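Before any comments, here is the structure.
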Amino acid sequence: MDDSLRRAMQALTNPHSVAVIGASDDQNKVGFGVLKSLLEGCFFKSYNCSAFAGNVYPINPHKSEILGRKCLARVQDVPEELDLAVIAVPSIVVAQVMRDCAEKKVKSVIIISAGFAELGEEGKKMQDEIIQIAQSAGIRVMGPNVLGILRPRISLNASFALSMPEAGSIAFISQSGALADSVVDWAIDARYSFSLLVSLGNSADLDVSDFLEFCLEDDQTKAITLYLEGIKDGQKFLRIAKEVTKKKPIILLKGGRSSKGEKAIASHTGSLAGSFAVYEAAMKQAGVFMAESVEDLFDLAKALSEQPRVDGKNIAIITNGGGVGVLTADYCDMHGLNVVELEPQTISKLDASKKMHPAYSRNNPLDLVGDALPERYEIAINTLLSEKYIDGAIIIQTLQTMTKAKEDAEVVGKAHKLFPNKPVVCVFMGGRYSAEGISVLRQNNIPDYNDPLKAVKVMKVLCGVI
């Protein structure tokens, strides 16, 4: 990442001062939503949102005050150096606003406004004009036609997203602002957490590759998720993606896989789409993982940000429910994982513990039988993970009257600390009676899924089976 891009990204992701140009007191206007999000962290108080700590300046020549903040008539009136301007005015006046930003020497700009290249040739001419003004002034632009940007760790919600997710280690970069907004709301209940959320929109200046470069250097980001419909500079993307995936995983959900999906793309962001088969082959070459759904995207990201990756596909399945173990074994076979046969010395170690049920399976999947208590889980998990021929484990808990979900999860957490170089993925099935255990797994950075197929798909990626 060159120094000019690094400075622009610093202004975008860690600004000390932000102006909202087009701030409004009308709750139905985007300019109101952006200002409120900056001042309070969320449009609606959802759980623990807090205000952005930097200086926020509403810009509106027709108002004296909005949300308790004095309004300035022009961005040039901001009394300090301005890191970031968020533009939320009609597209027809964006060019003039950009000239004002150039005069003020704003470092970075987010253009929320729509009505540009996504509408056709006339809109593209307007878009080209504003980018030319920005480039002449050395301003980097995110957008137009975007939701905005969120940086949870510093409570920066420079967007009209309704909520702020928890701070975490996953970056989400999306060409769809609406999808990003929905993911923010969904993530709060699903307890997914983020280092960065970016809506790319038309990518007239800053594009997905620029944000990949930022994420590569960002200490907060451990995994990068993408929703893309089209890539304007494929060679640039692949070159940068190859560098990024050497250090951090990238997971991509591609929109426009079908012919009808491709037709919808031009009217959405003005991007050109390409053959999905070509995309898939290119991404595989660059080391990018492909997701099949939004849920799949974040399931993979969570595991890749929390669990080690191994060069091996010998998997142990440990369960207290035989049927779920059989299903998991089927899924492993379908997805290229080897449910490895347990060697005699492994079975001897289990027998020697004197803690196994007389009817335990003595095979892989290792069925501990329904009355398995935490001690039996502990012996089984530690024994199997200690074997060199086993690369990772899928641990399943079904609910019986004697099941101790919290204690079982604590056992898994301790085992993962003993064997930190082997991936562990859990399937704690059930709802309210598993919740305490699932919470313990999350605290120990162990991914848990409510369906064994999800766990297998995640383990496949952790084992490098693309």
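The values are calculated or read from the model by the stated rules, or taken from the named source; none is laboratory data. It should be emphasised that the depicted structure is a prediction, and the values quoted were computed from it without experimental measurement. For neighbour counting, all protein chains shown are included, and Cβ atoms are generated from backbone atoms with ideal geometry for every residue, glycine included. Side chains are part of the model used for accessible areas, which takes the heavy atoms of the whole protein and leaves out ligands, DNA and RNA. Shrake-Rupley method; radii C 1.70, N 1.55, O 1.52, S 1.80 Å.
In summary, the aspartates and glutamates within cross-link reach of K457, defined as a Cα separation below 14 angstrom excluding same-chain residues under 8 places away, comprise E292, E295, D296, D299, D330, D333, D448. If you sort K404, K232, K247, K457 by accessible surface, 1.4 Å probe, largest first, the order is K247, K232, K404, K457.
Taking a ≥ b ≥ c as the square roots of the eigenvalues of the alpha-carbon gyration tensor, the stretch 314-466 is classed rounded because a/c is under 1.5. Computed with a 1.4 Å probe on the full set of protein chains, the accessible area for E217 sits at about 90 Å². If you take the C-alpha gyration tensor of the stretch 327-380, multiply each eigenvalue by 5 and take the square root, what semi-axes do you get, largest first, in whole Å? Listed largest to smallest, the semi-axes of the stretch 327-380 are 22, 13, 8 Å. Mean sequence separation of contacting Cα pairs (under 8 Å, at least six apart), scaled by the length of the stretch 53-136, corresponds to a relative contact order of 23 percent.
Note on the chain: antiparallel DSSP beta bridges, both residues inside, total approximately 15 percent of the bridges counted. For the stretch 352-433, a crude dipole built from +1 on the beta carbon of Lys and Arg and -1 on the beta carbon of Asp and Glu, taken about the Cα centre, is about 100 debye to the nearest 20.
A cysteine counts as unpartnered when no other cysteine's C-beta lies under 4.7 Å of its own; in the chain this applies to C71, C101, C215, C332, C426, C463.
Cα centroids of the stretch 84-107 and the stretch 10-34: 12 Å apart. The solvent-accessible area of F52, taken with every protein chain present and a 1.4 Å probe, is close to 20 Å². Have a look at V294, T403, F172 and report the one farthest towards the positive end of the charge dipole of the chain, computed about the Cα centre with Cβ charges (Lys/Arg +1, Asp/Glu -1). Sorting the options by dipole projection puts first T403.
C101 exposes around 0 Å² of accessible area when a 1.4 Å probe is run over every protein chain in place.
If you place +1 on the Cβ of every Lys and Arg and -1 on the Cβ of every Asp and Glu, how big does the dipole about the Cα centre of the chain come out, in debye to the nearest 20? Before the final figure, lay out each step's value.
Numbers: 51 positive and 56 negative charges, 84 e Å.
Value, rounded to 20: 400 debye.
Computed from backbone phi with θ = phi - 60° and the Karplus coefficients 6.51, -1.76 and 1.60, the 3J(HN,Hα) list for the stretch 250-255 is 10, 10, 10, 9, 9, x Hz; x is used for glycine and proline. Rounded to the nearest 20 debye, the dipole magnitude of the stretch 1-146 is 260 debye, with +1 charges on Lys and Arg beta carbons, -1 on Asp and Glu beta carbons, and the Cα centre as origin.
Legend: translational diffusion of the stretch 18-122 by Stokes-Einstein, Rh = Kirkwood radius over C-alpha pairs, 20 °C, 1.002 mPa s; D = 151 µm²/s. Note on the stretch 1-45: Kirkwood radius taken over Cα pairs, Stokes-Einstein applied at 4 °C and 1.567 mPa s, translational D equal to 108 µm² s⁻¹. Note on the stretch 78-224: along the principal axes its Cα atoms extend 42, 35, 26 Å, ordered by decreasing extent.
If you plug the beta carbon distance of S64 and Q135 into 1/(1 + (r/R0)^6) with R0 = 41 Å, you get a FRET efficiency near 0.75.
Estimated purely from DSSP H runs of n ≥ 4, each contributing -39500 (n - 2.57), the mean residue ellipticity at 222 nm for the chain is -12500 deg cm²/dmol once divided by its residues. When all protein chains stay in place and ligands, DNA and RNA are ignored, the 1.4 Å accessible-area order of T403, T328, largest first, is T403, T328. Taking a ≥ b ≥ c as the square roots of the eigenvalues of the Cα gyration tensor, the stretch 174-233 is oblate, since a/c reaches 1.5 or more and a/b is not larger than b/c.
Relative contact order for the chain: what percent, with Cα pairs under 8 Å and sequence separation of 6 or more? Relative contact order for the chain comes out at 10 percent.
Ranked by solvent-accessible area (1.4 Å probe, protein heavy atoms only, all chains present), the residues K355, K246 order from largest to smallest as K246, K355.
Which of the pairs K63/K254; K104/K302; K104/K222; K29/K246; K36/K107; K246/K388 have their Cα atoms more than 32 Å apart in this structure? Result: K63/K254; K104/K302; K104/K222; K29/K246 exceed 32 Å. In the stretch 339-453, Cα pairs under 8 Å separated by at least six residues give a relative contact order of 22 percent.
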